[in-house]
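Structure provided below as structure tokens; questions to follow.
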Amino acid sequence: MFQSQYVKKVYDDLAEKSKGETEFLQAALEILESLEPYVLSHPEIEKNKILERFVEPERFVQFRVAWVDDKGEIQINRGYRVQYNSSIGPYKGGLRFHPSVNASIIKFLGLEQVLKNSLTTLPMGGGKGGSDFDPKGKSDHEIMSFCQAFMTELYRHIGEDTDVPAGDIGVGGREIGYLYGQYKRIQNKTVGVLTGKGIPYGGSLARTEATGYGLLYFTAEALKVMKKDTLSGKTVVISGSGNVAIYACEKATQLGAKVVALSDSNGYIYDKNGIQLDVVKEIKEVRRGRIKEYVETISGAEYHEGSKGIWSIPCDVAFPCATQNELDLEDAKLLVQNGVIAVCEGANMPSTLEAAKYFMEHKIIYGPAKAANAGGVATSGLEMCQNSARLSWSFEEVDAKLKDIMVNIFHNVYDTAKALGNPYDTLAGANIAGFEKVSKAMLALGVY
Ligand code: NDP
Ligand code: 2IT
């Protein structure tokens, strides 16, 4: 598995200390394995124990969130913030509200975020946070009560030059509004301490669209360079139907592809004529409904129970945009057998390591999450710039910068993979390209 005794020991020690943290160890293994060539050719990494420090978060906060529901009953949830690495800038990364959230998931997301943020080329360190709070079925008032209680603890750990959270699963514009409102009331300061804010109070145009659009800009560049091809006329499958999936679908359609499927955690819809996104937006963004409601409006569309079945639909390009480990080796084999040419990740770690390796071995264009979905955090970085300058840029200006960043990320990843001898090993390309800057900064900053 490992060629370097040093890297093996770092992983083994981490595994010993992190028993039961499966997602965290999965991400750490994927990263450490692919960093080996870099570590072997840079002896200063081992000498200065950079890897041991890199896998250990600078700070991990867990806190109680007590709030009162609409029935007057007290509810208690767990809140988290991991401040993983600040060597290249303030901690930056989303907040996830989902019942599955635990320390392992927050740490895997935080570790990935460190390398992702480095790849954007903007000065942002890595962090992540969230809660096991389940927003599903909660009233607007309950969402607000929870967000206020959450921020009443979180505010002391964050700041516009310290740590800047944003959204992730279960945290969109509504939640960011309530969180930001509470921060402002406590601190009496109007600063860019959160991103993904609404446009009237300091948000950036194109942040809502950024992760999905960025994913498509990355994929279009990869198709152009690696296969001399375009998205025009391609059949596309996208899992999920949240923020990332919706705007991936929008940009894919604009680029001439036909998106035939979307999903949620209950099941998936198949529309052979191409998904009508206005109907999906009405269901998901306005009514906060379920994806199966699509077939009530669109005749001829099908709904299938169970979200995994989506990978059995033949397609040219697949975009997993729901959650971690939603695509395993069996799904990867099915996609390849059905002729997929590119799989680019909108979600974080949606493919298991076996699935990712299978794609790369079969010369499928594989866009690893930390590269392909970096458009969201990159545009968060642009929101921070605008807040600091007390300016707001036009949609076109932000979108053009986003596109530049995504094209640049692809080339950085691809060139690094080529230099390693395998242009399809984008996983190593992304990990090494992201790690190089972080490790150089850590070396320069002295022992900490
Ligand atoms: P949303 O909350 O807007 O949407 C999440 C979608 O994924 C929903 O369709 C949801 O279905 C589905 N989903 C969530 N959990 C599961 C699960 N356990 N099994 C199956 N489906 C599930 O979140 P986002 O669109 O923002 O996030 C999606 C992914 O993209 C996440 O991995 C996130 O980390 C990643 N990401 C998000 C960025 C952003 O800017 N928002 C940036 C970069 C990455 P259901 O409604 O049934 O729960
Ligand atoms: O996973 C991610 O990159 C995000 N959820 C976005 C983080 C951000 O700070 O915009």
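So, in nm, how far is label ASP70 from label ASN408 when the simple model puts each one 7 Å beyond its Cα toward the Cβ?
A separation of 4.7 nm, rounded to one decimal place.
Please report the relative contact order for the chain, taking Cα pairs under 8 Å with a sequence separation of at least 6, and give it as a percent rounded to a whole number.
Details: 915 pairs, mean separation 66.8, N = 448.
It rounds to 15 percent for the chain.
Further question: To check you understand DSSP bridge types, tell me what percent of the beta bridges within region 229-330 (both residues inside) are antiparallel, rounded to 5.
Working: 7 of 14 bridges.
Here the antiparallel bridges make up roughly 50 percent for region 229-330.
Further question on the same structure: Protein chains only, probe 1.4 Å: how do SER118, SER299 rank by accessible area, largest first? Intermediate results must be reported in sequence, preceding the final value.
On the way: SER118 5, SER299 105 Å².
Highest to lowest solvent-accessible surface, that is SER299, SER118.
How about region 253-355: which trypsin sites (Lys or Arg not before Pro) there are in a DSSP loop, with at most 14 other Cβ atoms within 10 Å of their Cβ? The partial results should precede the final answer.
Details: sites: LYS258, LYS272, LYS281, LYS284, ARG287, ARG288, ARG290, LYS292, LYS308, LYS333; in loops: LYS272, ARG287, ARG288, ARG290.
Those satisfying the criteria are LYS272, ARG287, ARG288.
Mind putting a number on the dipole of region 369-448 about its Cα centre? Charges go on the C-beta only, +1 for Lys and Arg and -1 for Asp and Glu, and I need it in Debye to the nearest 20.
Numbers: 7 positive and 8 negative charges, 47 e Å.
The dipole magnitude comes to about 220 debye.
Have a look at the DSSP beta bridges in the chain and tell me what percent are antiparallel, nearest 5.
Details: 25 of 45 bridges.
That works out to approximately 55 percent antiparallel.
Right, another one. Report the residue, chosen from GLN148, GLN324, GLN254, that carries the largest GNM mean-square fluctuation when the chain is represented by alpha-carbon nodes joined by springs under 10 Å.
GLN254
Spelling out what I want: for every residue of region 24-34, take phi, set θ = phi - 60°, compute 6.51 cos²θ - 1.76 cosθ + 1.60 (Karplus), and round to whole Hz; glycine and proline get x.
Going residue by residue, I get 4, 5, 4, 5, 5, 5, 4, 5, 4, 3, 7 Hz, with x marking Gly and Pro.
What number, in percent, do you get for the relative contact order of region 74-143 if the mean sequence gap of Cα pairs under 8 Å and at least 6 apart is divided by its residue count?
On the way: 134 pairs, mean separation 31.8, N = 70.
Over region 74-143, the number comes to 45 percent.
OK, next. Putting +1 on Lys and Arg Cβ atoms and -1 on Asp and Glu Cβ atoms, find which of GLY446, TYR213, ALA248 reaches farthest to the positive end of the dipole of the chain.
GLY446
Past 22 Å, Cα to Cα, is the threshold; run LYS251/LYS272; LYS128/LYS437; LYS116/LYS437; LYS228/LYS363; LYS258/LYS281; LYS251/LYS308 against it and keep the listed order. Walk me through the intermediate numbers first.
On the way: LYS251/LYS272 18 Å; LYS128/LYS437 20 Å; LYS116/LYS437 11 Å; LYS228/LYS363 14 Å; LYS258/LYS281 17 Å; LYS251/LYS308 24 Å.
Distance filter (> 22 Å) returns LYS251/LYS308.
Of all accessible surface on the chain at a 1.4 Å probe, what whole percent is carbon and sulfur? Don't skip to the answer; put the middle values down first.
Details: 8860 of 17520 Å².
Carbon plus sulfur share of accessible area: 51 percent.
Would you calculate the separation in nanometres between label points at ASN422 and ARG287, each defined as 7 Å from the Cα along the Cα-to-beta-carbon direction?
Using points 7 Å along Cα→Cβ, the separation is 4.7 nm.
Hey, another quick one. Work out how much length GLU16 to ASN338 would gain on full extension: take 0.36 nm times their residue separation and subtract the Cα-Cα distance, in nm to one decimal.
Working: separation 322, 0.36 × 322 = 115.92 nm, distance 4.02 nm.
Computed gain between GLU16 and ASN338 is 111.9 nm.
Now for a separate question. Quick one: which residues, 5+ away or cross-chain, put their amide H under 5 Å from the amide H of SER204? H built at 1.01 Å from N.
GLY196, LYS197
So what J values fall out for region 102-111 if you push phi through Karplus, 6.51 cos²θ - 1.76 cosθ + 1.60 with θ = phi - 60°, rounded to Hz, Gly and Pro as x?
8, 4, 4, 5, 5, 6, 5, 5, x, 5
Further question: Hey, how many Å between the Cα centroid of region 37-57 and the Cα centroid of region 297-344?
37
For a quick check: with amide H placed at 1.01 Å from N, whose amide H comes under 5 Å from ARG96's, ignoring anything fewer than 5 positions away on the same chain?
Excluding prolines and chain starts, which carry no amide H, the hits are GLY129, GLY130, SER131.
Can you compute the equivalent ellipsoid semi-axes for region 188-278, i.e. the square root of 5 times each eigenvalue of the Cα gyration tensor, sorted largest first and rounded to whole Å? Intermediate values should be presented prior to the final figure.
Values: eigenvalues 165, 65, 20 Å².
Rounded to whole Å, the semi-axes are 29, 18, 10.
Ordered by residue, what ³J(HN,Hα) values in Hz, to whole numbers, does region 4-16 give under the Karplus form 6.51 cos²θ - 1.76 cosθ + 1.60, where θ = phi - 60° and Gly and Pro are x?
3J(HN,Hα) across region 4-16, in whole Hz: 10, 4, 4, 5, 4, 5, 4, 5, 4, 5, 5, 4, 4.
Under the rule of at least 5 residues apart or a separate chain, name every residue whose amide H is placed under 5 Å from the amide H of GLN75.
Correct list: TRP67, VAL68, ASP69.
Calculate, for the chain, the solvent-accessible area per residue in square angstrom, rolling a 1.4 angstrom probe over the heavy atoms of the protein chains. Display every interim value, and only then the final one.
Details: 17520 Å² over 448 residues.
About 39 Å² of surface per residue is accessible.
While we're here: Pick out, in residue order, every one of the trypsin sites (Lys or Arg not before Pro) in region 370-448 that is DSSP loop and has at most 10 other C-beta atoms within 10 Å; say none if there are none. If you can, show how the numbers build up before the last one.
Values: sites: LYS370, ARG390, LYS401, LYS403, LYS418, LYS437, LYS440; in loops: ARG390.
Filter output for region 370-448: ARG390.
I need to check one value: relative contact order of region 362-427, counting alpha carbon pairs closer than 8 Å and at least 6 residues apart, in percent.
About 47 percent, as a whole number.
The values are calculated or read from the model by the stated rules, or taken from the named source; none is laboratory data. For clarity, every value in this text was computed on a predicted model and none was experimentally measured. Note: ideal-geometry Cβ built from the backbone for every residue, glycine included; neighbour counts use all protein chains shown. Surface accessibility is based on the protein's heavy atoms, side chains included, excluding ligands, DNA and RNA. Shrake-Rupley method; radii C 1.70, N 1.55, O 1.52, S 1.80 Å.
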